[in-house]
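Taking it in order: structure first as structure tokens, then the write-up.
The values are calculated or read from the model by the stated rules, or taken from the named source; none is laboratory data. Please read these numbers as outputs of a predicted model, since none were measured by experiment. All Cβ positions, even for glycine, are placed from backbone atoms using ideal geometry, and neighbour counts span all protein chains on display.
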Amino acid sequence: MKKLTAFKEYLLDLKLVTPEKLEAYPENNQLDILTKPGKQGLEMAQVSYDAVFELNLIKASYTALVAIVSGWLAEHDQARNQQDVDKPEFEYELTEEGLVDVRLMIPFCESVCLVEKEQGPIHYAGKRWDTGDYDLWIAESGEVTDASTR
């Protein structure tokens with residue numbers, strides 16, 4: 001749930017909310033098993049979840065929140081359009097004190113990657129693995145040739 005953690009840290013770095021007035025947690029977790037081999041390891045699964053962020057008693061306009069969320073997603077979750085995830089949802093409530101309570105739900109999809117490791121805790125396909133990160137390169141175009149025509 002790296003994206004949930006990264007966005008939470010981003011909100012705290014902006015000083016938009018203090019840690020005690022921010023809750024962040026996942027809901028509706030779904031797992032798709034893939035087992036796609038790559039050059040650096042294995043993409044074992046895709047995890048889809050709704051990251052829920054509750055910000056209490058903050059000073060922020062609705063427009064500013066939309067811009068903050070949109071900007072972060074455009075920069076840090078560029079693959080979301082290809083992943084067919086739902087759009088973020090907001091609940092925005094103005095309090096009597098002129099502050100705002102916000103409930104933000106952002107659907108995320110993340111790969112679970114395994115890298116081969118001699119003492120790894122995960123046993124799969126006769127090998128030992130550990131969780132890890134590596135870039136997943138996806139070809140956008142390609143060419144198929146017949147070697148017998150050369």
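Checked against (1) in contact with a helix residue (DSSP H, G or I) (Cβ under 8 Å, 6 or more places away or on another chain); (2) crowded, with 16+ Cβ neighbours inside 10 Å; (3) among the hydrophobic types (A, V, I, L, M, F, W, C), Leu14 passes all but condition (2).
Test Lys3 against the stated conditions and say whether it is surrounded by 10 or more Cβ atoms within 10 Å (Cβ to Cβ), under 25 Å from Lys117 (Cβ atoms), in contact with a helix residue (DSSP H, G or I) (Cβ under 9 Å, 6 or more places away or on another chain) and not aromatic (Phe, Trp, Tyr).
Details: surrounded by 10 or more Cβ atoms within 10 Å (Cβ to Cβ): yes; under 25 Å from Lys117 (Cβ atoms): yes; in contact with a helix residue (DSSP H, G or I) (Cβ under 9 Å, 6 or more places away or on another chain): yes; not aromatic (Phe, Trp, Tyr): yes.
So Lys3 passes the test.
Among the residues of segment 6-23, those that are more than 12 Å from Asn56 (Cβ to Cβ) and outside any helix (DSSP H, G or I) comprise Leu14, Lys15.
Quick test for you: out of Lys39, Lys8, pick the one residue that is of a type in the set (Lys, Arg) and in contact with a strand residue (DSSP E or B) (Cβ under 6 Å, 6 or more places away or on another chain).
Within the list Lys39, Lys8, the selection yields Lys8.
Please verify whether segment 31-44 includes one or more residues that are closer than 22 Å to Val102 by Cα, part of a loop (DSSP other than H, G, I, E, B) and not small (Gly, Ala, Ser). I'd like the intermediate steps shown before the answer.
So the first thing to find is which residues in segment 31-44 are closer than 22 Å to Val102 by Cα, and the list is none.
Checked segment 31-44: no residue is closer than 22 Å to Val102 by Cα, part of a loop (DSSP other than H, G, I, E, B) and not small (Gly, Ala, Ser).
Every listed requirement among (1) in contact with a Pro (Cβ under 9 Å, 6 or more places away or on another chain); (2) within 18 Å of Phe7 (Cβ to Cβ); (3) of a type outside the set (Val, Ile, Thr); (4) in contact (Cβ under 8 Å) with a residue 60 or more places away in the chain is met by Glu110 save one, (1). Look at segment 49-76: where a residue is at pLDDT 95 or above and a partner is polar (S, T, N, Q), sitting 6+ places away or on another chain with Cβ atoms under 8 Å, you get Tyr49/Asn28; Tyr49/Asn29; Tyr49/Gln30; Asp50/Asn28. I'm trying to understand the selection: among the residues of segment 61-110, which are buried (at least 17 other Cβ atoms within 10 Å of the Cβ) and either polar (S, T, N, Q) or not in a helix (DSSP H, G or I) (or both)? Once the filter is applied, which keeps residues that are buried (at least 17 other Cβ atoms within 10 Å of the Cβ) and either polar (S, T, N, Q) or not in a helix (DSSP H, G or I) (or both), segment 61-110 yields Asp77, Val85, Pro88, Val100, Val102, Leu104, Met105, Ile106, Pro107, Phe108, Cys109, Glu110.
Modelled with pLDDT under 95, on the phi < 0 side of the Ramachandran plot and either surrounded by fewer than 16 Cβ atoms within 10 Å (Cβ to Cβ) or in contact with a Gly (Cβ under 9 Å, 6 or more places away or on another chain) (or both): is that true of Leu34 in this structure?
Values: modelled with pLDDT under 95: yes; on the phi < 0 side of the Ramachandran plot: yes; either surrounded by fewer than 16 Cβ atoms within 10 Å (Cβ to Cβ) or in contact with a Gly (Cβ under 9 Å, 6 or more places away or on another chain) (or both): yes.
Yes: the conditions hold for Leu34.
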